[in-house]
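**Q** Below is one structure. I have some questions about it.
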Amino acid sequence: MAQPHFNWMLLVPGVSHETVHVATGLAVGSMVVVGALAGRWALGSGEAAIVPAAKFSLKGVIELILEFIVGLSEMVIGEEGKKFVPMFAAIFLYVWINNLVGLIPGMTPATDNINTTFALGLFSFATYNYYGLKEHGIAYLKHFLGPLLLLAPLMVIIELIGHMVRPLTLGLRLYGNIMADHTVLSVFIEMFDKLWFIPVPAIFYGMGIFVASMQAFVFTMLSMIYVSMAIAHDH
C-alpha cells in the first residue's frame, strides 16, 4: 500500500493525514480574513478610497479583484448584484487561494477533498434559497411548480431533484478538476525534477495556475447564476 505524501501541514500539532484538508482550509480561511482586513486598511477612507492605485500594491490588487467581482455580479444579476459582492468575493478568494495552495510542493489544498467542496456546494445551495425566500417570501415555492398548474405535480419532483443535486454537482466538479490538475502536476514534476533544463515543470505550473483560477471563476459564476435565478421576478 502506498504511503501518503508528506504535507507541510502535518508539522502542525494535532494534524493527521485524515484532517490535513481541514487544517489547510482553516489556514486559507485565516489568510483570506487577514488579507481582507489588510486590504480594507490599504484602501483607506474618504477621497483616498476612491482614487485608484497608481502602482502595483495591495490596494491595487484588492481593487482589481473587487472590480472583477462587481463587474461579474452586475453582468449576471444586474444592479442588485452589488449587494452580494462581499459574499461572492469571499467565495472566489477562498476557492482560488485553496486551489493555488495545491501548487506549492508539499501542500494539499482543501479543495482536493470532497468534504470541503461539497460543503462549499451546500453553502451556495443554502445561500441562494435563503435569498430567494427573502426576496419572494412563501411565493418563492411557486418556483418549483412550473408554468402550468396541470404539470405541477411532475414539475415539483423534477425541480426538487434538480435543486438537490446542485450542491453535489458543484462539489464534484471542483473536486474532480482540482484533484486531476494536481495529480498531473505532481506526476510531471517527479518525472522531470532531475532535468532542470527542460521547462516542462514551468509549463505545467502555468497550466495549474490557469486551472486553479478557472475553477474558482466557474464555482463563483454558478453561485451567482443560482442567486440570480432565485431572486428574479419573472417566474
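The values are calculated or read from the model by the stated rules, or taken from the named source; none is laboratory data. Remember, it's a predicted structure, so these values are computed and weren't measured experimentally. Please note: Cβ atoms are built from the backbone with ideal geometry, for glycine as well, and neighbour counts cover all protein chains shown. Surface accessibility is based on the protein's heavy atoms, side chains included, excluding ligands, DNA and RNA. Shrake-Rupley method; radii C 1.70, N 1.55, O 1.52, S 1.80 Å.
**Q** Taking Cα pairs under 8 Å and at least six residues apart, what relative contact order does the range 87-181 come out at, in percent? Spell out each step's value before the answer.
**A** Details: 70 pairs, mean separation 33.2, N = 95.
Contact order relative to length: 35 percent.
**Q** I need the phi-derived Karplus couplings for the range 87-95: 6.51 cos²θ - 1.76 cosθ + 1.60, θ = phi - 60°, integer Hz, Gly and Pro marked x.
**A** So the Karplus estimates, Gly and Pro as x, are 5, 5, 5, 5, 4, 4, 5, 5, 5 Hz.
**Q** Treating the Cα atoms of the range 57-142 as identical point scatterers in vacuum, please give the log10 of the normalised Debye intensity I(q)/I(0) at q = 0.18, 0.24, 0.25 Å⁻¹, two decimals.
**A** One equal scatterer on each Cα of the range 57-142 leads to -0.94, -1.18, -1.20.
**Q** Which order do the peptides 140-151, 96-107 come out in when sorted by mean C-beta neighbours inside 10 angstrom, highest first? All intermediate terms of the calculation are to be shown ahead of the outcome.
**A** Details: 140-151: 12.7, 96-107: 19.2.
Answer by packing, highest mean first, reads 96-107, 140-151.
**Q** Set the bar at 24 Å for Cα to Cα. Now go through K82/K134; K59/K134; K82/K142; K59/K82 and name every pair that lies beyond it. The partial results should precede the final answer.
**A** Numbers: K82/K134 17 Å; K59/K134 34 Å; K82/K142 26 Å; K59/K82 20 Å.
Going by Cα-Cα distance, K59/K134; K82/K142 fall outside the 24 Å limit.
**Q** Using the reciprocal of the averaged 1/r over all distinct C-alpha pairs, how large is the Kirkwood radius of the chain in Å? Show your work: numbers first, answer last.
**A** On the way: mean 1/r = 0.0499 Å⁻¹.
Result for the chain stands at 20.1 Å.
**Q** Once the other residues with Cβ under 14 Å from the Cβ of M75 are scored (Lys, Arg +1; Asp, Glu -1), what is the net sum? Intermediate results must be reported in sequence, preceding the final value.
**A** Values: positive: K82; negative: E67, E74, E79, E80.
For residues surrounding M75, the net value is -3.
**Q** Then there's this: Would you mind telling me the share, in percent, of accessible area of the range 1-92 contributed by carbon and sulfur at probe 1.4 angstrom? Before the final figure, lay out the partial values.
**A** Numbers: 4330 of 6110 Å².
So the carbon and sulfur contribution to the accessible surface is 71 percent.
**Q** Still on this structure, please answer the following. Mind checking the angle between helix 58-76 and the chain's longest principal axis? C-alpha axes, 0 to 90 degrees, to the nearest 10.
**A** Helix 58-76 and the main axis of the chain meet at about 30 degrees.
**Q** For the range 80-179, what is the accessible area per residue in Å², given a 1.4 Å probe and the full set of protein chains? Show your work: numbers first, answer last.
**A** On the way: 5170 Å² over 100 residues.
On a per-residue basis, 52 Å².
**Q** What is the helix-to-structure angle for 114-136, meaning the angle in degrees between its Cα long axis and the longest Cα principal axis of the chain, kept from 0 to 90 and rounded to the nearest 10?
**A** 30 degrees
**Q** Here's a follow-up. Tell me the mean residue ellipticity at 222 nm calculated for the chain from its helices only (DSSP H runs of n ≥ 4, each -39500 (n - 2.57), averaged over every residue, nearest 500). Intermediate results must be reported in sequence, preceding the final value.
**A** Values: 8 runs with 159 residues, N = 235.
About -23500 deg cm²/dmol.
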